[in-house]
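Let me begin by presenting the structure, written as structure tokens, before commenting on it.
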Amino acid sequence: MDHGQLSMVADKFQWVFSEALLNGCGKAVKFCRRQRVITPFRLGLALTATCASQRVETIADFHCSFNALFGTTVTYKAFSNQVAKPHFADFARTMAQRLISDMTLKVLGFEKGRAFSEFRHIVIQDGSSFAIHDGLREVFPGRFKAIKPAAVELHTTMDLLCDAPTTVVLTPDTTSEQAFLPEPPSLRDSLLLADRGYVDLHYLRRVQDEGGFFLIRAKAGMNPQVLEAFREDGKRLRSLRNKSLQTIHATLPTRQRVELGVQWQMDGHPLCLRLILSWNPRTKSFCSFLTNLPAKRYPLEMICRAYTWRWQGELLLKEWKSYANLPAFDTANPALVEGLIWAAIAAAALKRFLAHMTQLLMEVPISTRKVAMCALHVLGDLVEALKHGDVVGLYTALVAAITYLACHARRAHPKRDRQTGRSQLGLEPYFENDDAIEFAEAA
């Protein structure tokens, strides 16, 4: 273990959970004017630690944890009044965004010269919705009003090379997903992976014009002009050329995947892309992908396998729901429910940082899911040191945490990862060999 790098990690912990900074943040968003027993620092640390280390069902769980952590006797009413303030959500969101932006490390990468190694970022765009208290139907309307009239969606932008989110936005479930796609200039020399709900041809044109690349699942019913057609074995399908997709759809081969060169007319200018179709015998339908990746460097087989990386976004969102108490808050106060959602995301970001920190310092592949499950065994000493601003104690707690996680949270099947998992195209754990850990560049 490099103790110089460990000191950098300890400094990062102290910065993110700085008492002065968190208290200043609480004042800046008008969450509190006078600091008494429940200061923004104490509340933020207690909420994050509680969400990260135990199952939470009621506000009373947070109240009990706060008193136990700080040795106070705050009444339930005083505590609930504090977290019910209208600006509590603003404070919790700011705290979570700081954890996400400041505690992100580059942990995955490709060997120089391999496919995908030229990209600065591999960005995954995804979202997850869940129901909340029915009394919030006016503030957070849901899409399925008959079943759950109130619901929220978390629009998440994730960097695959960091294995962590870079942007999270909370909205009502009825808000369009496409509004939260990354700005096209930010995708220069980067690759975007997204599901079919994000297909917007005008947006894809802008990404391409900015020097970005994308691999996105296509919508059913799209009808571009087919310019070229090749079967997976390389045979050119001349009978499918120069026709609209819907015209030839019924004659597409089902035993092999097909690659089509397609074109749309967009504002008087052609948009030419690759459309890859693969027959799914279970659903008896085609699964199709749109991309502008060059065919010579990225053949059909590689494109289909690369799209499976989008599953990492699904795993991230599942981790939030399973191990950070994300959907557990049943309250009709909109600021309270939003604030507790942000506290859960902050807890998940903290545990993922512990996983990545361990991987880089111990140079062993670490499972973020295992860390999410067992981090409660190491968080106590870390939180205690942060509570007192104990630099030596924090360093000692980090050494113990890293040693424990390196032993108990390793990835179980790294060989399988290289054969059928996320490492099958050369995406491997990234171990920094320089004098400093590489914190992530903003995506």
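The values are calculated or read from the model by the stated rules, or taken from the named source; none is laboratory data. Remember, predicted model here, so these are calculated numbers, not experimental data. In this analysis, Cβ positions are derived from the backbone assuming ideal geometry, glycine residues included, and neighbour counts consider all displayed protein chains. The accessibility values were calculated without ligands, DNA or RNA, using every heavy atom of the protein model including side chains. Shrake-Rupley method; radii C 1.70, N 1.55, O 1.52, S 1.80 Å.
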Is at least one residue of the stretch 233-251 under 23 Å from TYR298 (Cα atoms), part of a strand (DSSP E or B) and without any contact (Cβ under 8 Å) to a residue 60 or more places away in the chain? yes
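Looking at PHE91, PHE79, PHE66, PHE119 in this structure, which one is at pLDDT 95 or above, open to solvent by less than 20 Å² (accessible area, probe 1.4 Å) and part of a loop (DSSP other than H, G, I, E, B)?
Just one listed residue meets the conditions, PHE119.
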Taking only pairs six or more apart or across chains, which ones have beta-carbon atoms under 9 Å, a first residue in the stretch 173-188 that is within 24 Å of HIS133 (Cβ to Cβ) and open to solvent by 70 Å² or more (accessible area, probe 1.4 Å), and a second residue that is of a type in the set (A, V, I, L, M, F, W, C) and part of a loop (DSSP other than H, G, I, E, B)? THR174/PHE140
Any idea how many residues of the stretch 268-289 are touching a Lys or Arg at 6+ places or on another chain (Cβ under 7 Å), of a type in the set (A, V, I, L, M) and within 21 Å of THR251 (Cβ to Cβ)? 2
Condition test on GLN225, is it surrounded by fewer than 16 Cβ atoms within 10 Å (Cβ to Cβ), of a type in the set (S, T, N, Q) and touching a Phe, Trp or Tyr at 6+ places or on another chain (Cβ under 8 Å)? no
Tell me the helices (runs of 4 or more DSSP H) entirely within the stretch 370-419 that contain at least 3 residues that are over 26 Å from the mean Cα position of the chain (by Cα). 376-388, 391-408
Scan the stretch 262-280 and give yes if some residue there is under 29 Å from the mean Cα position of the chain (by Cα) and under 28 Å from SER129 (Cα atoms), otherwise no. yes
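Among the residues of the stretch 321-363, write down those that are in a helix (DSSP H, G or I), hydroxyl-bearing (Ser, Thr, Tyr) and open to solvent by 10 Å² or more (accessible area, probe 1.4 Å).
SER322, TYR323
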Can you spot a residue in the stretch 208-228 that is over 26 Å from ASP189 (Cα atoms), hydrophobic (A, V, I, L, M, F, W, C), outside any loop (DSSP other than H, G, I, E, B) and over 24 Å from the mean Cα position of the chain (by Cα)? yes
Whether any residue in the stretch 281-299 is touching a residue at least 40 places away in the same chain (Cβ under 8 Å), farther than 24 Å from LEU240 by Cα and polar (S, T, N, Q) is what I want to check. no
Suppose we keep only residues that are open to solvent by 40 Å² or more (accessible area, probe 1.4 Å) and outside any loop (DSSP other than H, G, I, E, B) within the stretch 34-59. Which one would you say is nearest to ALA347 (Cα to Cα)? SER53
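For every residue, the table says whether it meets (1) at pLDDT 95 or above; (2) closer than 21 Å to LEU161 by Cβ.
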{"position": "MET362", "(1), (2)": "no, yes"}
{"position": "ALA375", "(1), (2)": "no, no"}
{"position": "ASP381", "(1), (2)": "yes, no"}
{"position": "GLU384", "(1), (2)": "yes, no"}
{"position": "VAL391", "(1), (2)": "no, no"}
{"position": "THR403", "(1), (2)": "yes, no"}
{"position": "ARG411", "(1), (2)": "no, yes"}
{"position": "LYS415", "(1), (2)": "no, no"}
With the first residue restricted to the stretch 211-226 and required to be farther than 14 Å from ASP195 by Cβ and among the polar types (S, T, N, Q), and the second required to be open to solvent by 30 Å² or more (accessible area, probe 1.4 Å) and not in a strand (DSSP E or B), Cβ contacts under 7 Å at 6 or more apart or on different chains are ASN223/GLN246
Close pairs from the stretch 1-28: first free of Cβ contacts under 8 Å to residues at least 24 places away in the same chain and within 16 Å of ALA400 (Cβ to Cβ), partner assigned to a helix (DSSP H, G or I) and open to solvent by less than 70 Å² (accessible area, probe 1.4 Å), Cβ under 9 Å, at least 6 apart: HIS3/TYR395; HIS3/VAL399
Of the criteria (1) open to solvent by less than 20 Å² (accessible area, probe 1.4 Å); (2) under 30 Å from ARG422 (Cα atoms); (3) out of contact with any Phe, Trp or Tyr (no Cβ under 6 Å at 6 or more places or on another chain); (4) of a type in the set (Gly, Ala, Ser), which one GLY109 fails: (3)
Restricting to the stretch 132-154, count the residues that are in contact (Cβ under 8 Å) with a residue 12 or more places away in the chain, under 26 Å from the mean Cα position of the chain (by Cα) and open to solvent by 40 Å² or more (accessible area, probe 1.4 Å). 4
